[in-house]
Structure formats: structure tokens, C-alpha cells
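Undergrad: Got a structure here, written out as C-alpha cells. Questions coming.
The values are calculated or read from the model by the stated rules, or taken from the named source; none is laboratory data. Owing to the predicted nature of the structure, the values given are computational and were not obtained by experimental measurement. Positions of Cβ are generated from backbone atoms using ideal geometry, with glycine treated the same way; all protein chains shown enter the neighbour counts. Areas reflect the complete protein model, heavy atoms only, side chains present, ligands, DNA and RNA absent. Shrake-Rupley method; radii C 1.70, N 1.55, O 1.52, S 1.80 Å.
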Amino acid sequence: MGSLSKLKVLILRNNSLEGKLPVSLKNCTNLVMLDLGDNILSGPIPTPYWLGQQLQMLSLRRNQLSGSLPPSLCYLTNIQLLDLSENNLSGRIFKCLKNFSAMSHNVSSTRTVGLELVYDPVVYTILTTYYLGSSFDLIAFLMWKGEERLFKNNKLILRSIDLSSNQLIGDIPEEIESLIELVSLNLSRNNLSGEITSKIGKLISLDSLDLSRNYFFGPIPPSLAQIDRLAMLNLSDNNLSGRIPIGTQLQSFEASSYEGNVDLCGKPLDKKCPGDEEVVHQKPETHEESSEDDKKPLYLSVTLGFITGFWGLWGSLFLG
């Protein structure tokens with residue numbers, strides 16, 4: 001396979017391929033898309049310069065890969081979609097995220113492959129590549145917001161990282177702040193811990209964020225409420241605590257997005273935070289409930305007004 005130096009797209013997903021990932025793919029320097037998902041591949045992801053820098057889409061999901069995330073992934077500067085979900089990968093999330101330049105700034109003017117969400121229930125199992133002149137379009141069967149959907153290139157570039165359903169540990173590296181063009185981030189179902197970094201608010205293009213079923217603790221960073229485009233959020237089943245940051249963005253999600261965090265409080269949860277006790281509105285007094293002492297100032301003001309008006313009238317007549 002490594003002798004195919006001009007190969008641009010390799011799709012072998014949904015087979016019964018076994019064994020280790022072929023290191024010879026490093027010779028395919030023009031490879032743009034590699035999809036080996038839904039197989040029985042095992043062993044570690046090769047460490048040194050495994051794939052060429054032209055790669056934009058890499059899916060190894062639903063295999064039996066093990067070991068830590070290798071430094072070789074750090075060289076994929078043009079990567080737009082990285083899906084390593086549902087394996088047995090361990091260790092920490094690499095800090096070289098800032099190397100993913102295609103996710104850190106707009107590259108739409110120079111892109112070769114872009115993705116737009118398209119779903120057709122009739123052909124959803126089809127994965128096709130077809131050529132138009134010297135360029136080519138791609139249709140890919142990928143995970144999106146927890147569901148499998150068809151994607152094809154168009155004006156929208158989908159930039160996505162999915163490391164869910166592995167055994168990753170540690171926290172979310174602060175270097176993630178560089179990925180300002182990232183659209184979807186799924187780190188759910190791991191053993192991640194620590195506080196959710198406040199730098200996550202820098203991901204201004206984020207549409208979907210899933211950090212559920214980990215061991216994150218501490219407060220939800222207020223910066224998360226600054227992501228205007230966030231349409232899907234799942235922070236459930238962690239050890240988060242404190243008040244859910246107030247803002248229309250985070251309060252617009254269902255309570256299920258936060259459930260399983262026993263020390264979390266505030267809307268949209270039913271659990272109130274300390275100091276949120278409801279103010280008891282007093283019933284306004286009726287005329288009958290007013291005491292005689294309360295009426296004395298009223299009587300006095302009426303009497304003085306009458307006397308002043310009476311003498312003012314008659315005084316003017318006498319003087320006239």
C-alpha cells in the first residue's frame with residue numbers, strides 16, 4: 001500500500017481487517033483522507049512520521065487500538081477531522097494541539113476538502129469518493145453530536161476532534177485555546193479529571209461540546225457562556241460543583257446536559273444555589289386592615305387643607 005505514492009483517498013472502513021496499522025503509509029505523502037474505522041485493528045498508533053502532512057481526514061474509530069496518543073499525530077498540520085473514538089487508547093491528551101493549523105485559523109481559501117452535513121436515510125451506509133476534473137469531492141459517514149451522519153464537502157468546513165470512549169487520563173491541555181476554528185469536540189467516556197480549563201471559552205466556533213462521563217471537578221468556567229454558536233452541550237456525569245454560569249446560552253440547554261453533578265446548582269437545574277431563596281411577597285394591606293394610628297396623618301392633612309382653603313376664600317372676599 002505504501003508504494004501508492006500518489007494515493008489521495010483510502011477508505012477501508014467497516015470490514016474485518018486485523019493486525020497493526022501499516023507504517024508504510026508514510027510513503028503516501030499525498031494522502032488527504034484515511035478511513036480505517038469499524039475494523040479489528042489492534043496495537044499502538046505508529047509513532048514516527050506515520051502519515052503525510054497533507055492528511056485532512058483521519059478516522060480510526062471503533063477498532064482495538066491501544067497505547068498512548070503518539071507524537072506522530074502532531075505533524076498533521078492540515079488535519080480537519082480527527083476521529084480516534086471507541087478504542088483502548090490511554091495516557092494524556094497531547095499538548096501539540098496548537099500544531100493543527102487548519103483548526104487554528106481560517107483556511108477555506110486554500111482547502112482541498114471541506115465538509116457539510118448532509119443526511120439521507122436511504123443512502124446513509126454509502127461512502128463514496130468521486131472526481132470532478134482535477135479536483136474531487138468527498139462524502140463521508142461520520143459521527144456528529146452522538147449520531148452517525150453523512151457529510152460531503154461544500155462551503156462549510158467541519159473541523160472536529162473525537163477522542164471519546166477511550167481510557168484517556170489527565171486534564172484538558174490549555175493549548176486547546178489555539179483551535180478557534182474547531183466546530184466539534186468530543187472527549188466523553190474517558191477518565192479525564194481536573195478542572196475544565198477556562199481557555200475553552202476561546203473556542204468561539206464551537207457548535208458541539210461533549211465532556212460527559214469523566215471525572216472533571218470544580219466550577220463550570222464562565223468563559224463557556226461566551227461561545228455564541230454552541231448548540232449542543234453535555235457536561236453530565238462528572239463531579240462539577242457550584243453555580244451554572246448565568247447567561248442565556250448555558251441556561252437554554254436541557255437539565256440533562258448537567259445531570260449527574262450532585263454539587264451543581266442553578267438553572268436549568270431544579271436545585272437552587274445558596275442565596276437564591278425566593279423572596280416572599282407580602283400581601284398589600286386593605287382599607288379595613290389599616291389601623292387607626294395609620295389614619296391619623298391622613299385626617300390631619302385633610303383638616304389643615306380645609307381650614308387653609310376656607311380662610312383663604314373668605315379672606316380674599318373681605319379684603320376685596
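Undergrad: Out of all the residues in the range 7-65, which are more than 28 Å from the chain's Cα centre (by Cα) and of a type in the set (G, A, S)?
TA: If the condition is that a residue be more than 28 Å from the chain's Cα centre (by Cα) and of a type in the set (G, A, S), then S16, G19, S24, S42, G43, G52 are the ones that fit.
Undergrad: Moving on. So, in the range 232-244, how many residues would count as being without any contact (Cβ under 8 Å) to a residue 40 or more places away in the chain, in contact with a helix residue (DSSP H, G or I) (Cβ under 9 Å, 6 or more places away or on another chain) and under 14 Å from L209 (Cβ atoms)?
TA: Count: 3.
Undergrad: Select from the range 209-221 the residues that are buried (at least 20 other Cβ atoms within 10 Å of the Cβ) and outside any loop (DSSP other than H, G, I, E, B) and list them in ascending order.
TA: Of everything in the range 209-221, those that are buried (at least 20 other Cβ atoms within 10 Å of the Cβ) and outside any loop (DSSP other than H, G, I, E, B) turn out to be L209, D210, F216.
Yes/no per residue for (1) open to solvent by 10 Å² or more (accessible area, probe 1.4 Å); (2) of a type outside the set (D, E); (3) within 26 Å of L163 (Cβ to Cβ); (4) part of a loop (DSSP other than H, G, I, E, B):
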site: R229; (1), (2), (3), (4): yes, yes, yes, yes
site: S241; (1), (2), (3), (4): yes, yes, yes, no
site: S256; (1), (2), (3), (4): yes, yes, yes, no
site: P268; (1), (2), (3), (4): yes, yes, no, yes
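Undergrad: Okay, moving on. Taking the condition of being of a type in the set (V, I, T), open to solvent by 10 Å² or more (accessible area, probe 1.4 Å) and within 19 Å of L240 (Cα to Cα), how many residues in the range 161-201 meet it?
TA: 3
Undergrad: Kindly establish whether G114 is at pLDDT below 90 and farther than 22 Å from L34 by Cβ. Can you show your working first?
TA: Details: at pLDDT below 90: yes; farther than 22 Å from L34 by Cβ: no.
It is false that G114 is at pLDDT below 90 and farther than 22 Å from L34 by Cβ.
Undergrad: With the checklist (1) part of a strand (DSSP E or B); (2) surrounded by fewer than 21 Cβ atoms within 10 Å (Cβ to Cβ); (3) at pLDDT below 90 in hand, flag the one item L142 doesn't pass.
TA: (2)
Undergrad: Find the strands (runs of 3 or more DSSP E) located wholly in the range 1-104 whose residues include 3 or more that are surrounded by fewer than 17 Cβ atoms within 10 Å (Cβ to Cβ) and in contact (Cβ under 8 Å) with a residue 60 or more places away in the chain, and list them. Lay out the reasoning, then the answer.
TA: Numbers: elements: 9-11, 33-35, 40-44, 57-59, 64-68, 81-83, 88-92.
Result: 88-92.
Undergrad: Working only within the range 211-230, note down all residues that are touching a Gly at 6+ places or on another chain (Cβ under 9 Å) and of a type in the set (K, R). Write out each step before concluding.
TA: Of the residues in the range 211-230, the ones touching a Gly at 6+ places or on another chain (Cβ under 9 Å) are 212-213, 215-227.
Of everything in the range 211-230, just one residue is touching a Gly at 6+ places or on another chain (Cβ under 9 Å) and of a type in the set (K, R), namely R213.
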